[in-house]
Amino acid sequence: MAGELFEKRLLEFTRRGDIEKVKWLENIGKHILPSYVKRIQKKDKSVMQELILPKWVSWELLYDWACTQKIKEGKLCVLCDEYHKVGVEFNGKFICEYCFLKIKNWK
Ligand SMILES: [Zn+2]
């Protein structure tokens, strides 16, 4: 299952008191940008050369973690606070199609 290896490593490092590695894993989302996560999900191993990763971070670990990540696509709707691909923009503010329809129905 996705995320299993990641959890295992995190637990291992926690038990060993390897704070630095624990911290890195807990903040992995800050080290690896969404565009890279997408490529990792597509099994593009060349990201290993592009990213500056600690030596103990293996491809398997990276891939396992990436598979648990949902990539946010589209824009953040100011009303429902979620990411949507389709919507309209009012004065630079994005409103998703669902919220837009709701507003339209109120009138
Ligand atoms: Zn919305």
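The values are calculated or read from the model by the stated rules, or taken from the named source; none is laboratory data. Keep in mind the model is a prediction, meaning the values are calculated, not measured. Here the Cβ positions follow ideal geometry from the backbone for every residue, glycine too, while neighbour counts run over all protein chains shown.
Here are the numbers for the structure shown:
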| quantity | calculated |
| --- | --- |
| Unmet criterion (only one of (1) more than 16 Å from the ligand (Cβ to nearest atom); (2) modelled with pLDDT under 90; (3) in a loop (DSSP other than H, G, I, E, B)) for Leu53 | (2) |
| Verdict on Arg15 being away from the ligand (no atom under 16 Å from the Cβ), surrounded by fewer than 13 Cβ atoms within 10 Å (Cβ to Cβ) and outside any loop (DSSP other than H, G, I, E, B) | yes |
| Output for region 62-107, where each listed residue is more than 10 Å from the ligand (Cβ to nearest atom) and aliphatic (A, V, I, L, M) | Leu62, Ala66, Ile71, Val86, Val88 |
| Single unsatisfied condition, Thr68 versus (1) surrounded by 11 or more Cβ atoms within 10 Å (Cβ to Cβ); (2) part of a helix (DSSP H, G or I) | (2) |
| Selection status of Glu73, surrounded by fewer than 17 Cβ atoms within 10 Å (Cβ to Cβ), in a loop (DSSP other than H, G, I, E, B) and among the charged types (D, E, K, R) | yes |
| Single unsatisfied condition, Lys43 versus (1) more than 16 Å from the ligand (Cβ to nearest atom); (2) part of a loop (DSSP other than H, G, I, E, B); (3) surrounded by 13 or more Cβ atoms within 10 Å (Cβ to Cβ) | (3) |
| Hits in region 91-100 (condition: surrounded by 10 or more Cβ atoms within 10 Å (Cβ to Cβ) and over 22 Å from the mean Cα position of the chain (by Cα)) | Lys93, Ile95, Glu97, Tyr98, Cys99, Phe100 |
| Near pairs, Cβ below 8 angstrom, 6+ apart or cross-chain, from region 53-64 (of a type outside the set (A, V, I, L, M, F, W, C)) to any residue that is assigned to a loop (DSSP other than H, G, I, E, B) | Tyr63/Lys43; Asp64/Ala2; Asp64/Gly3 |
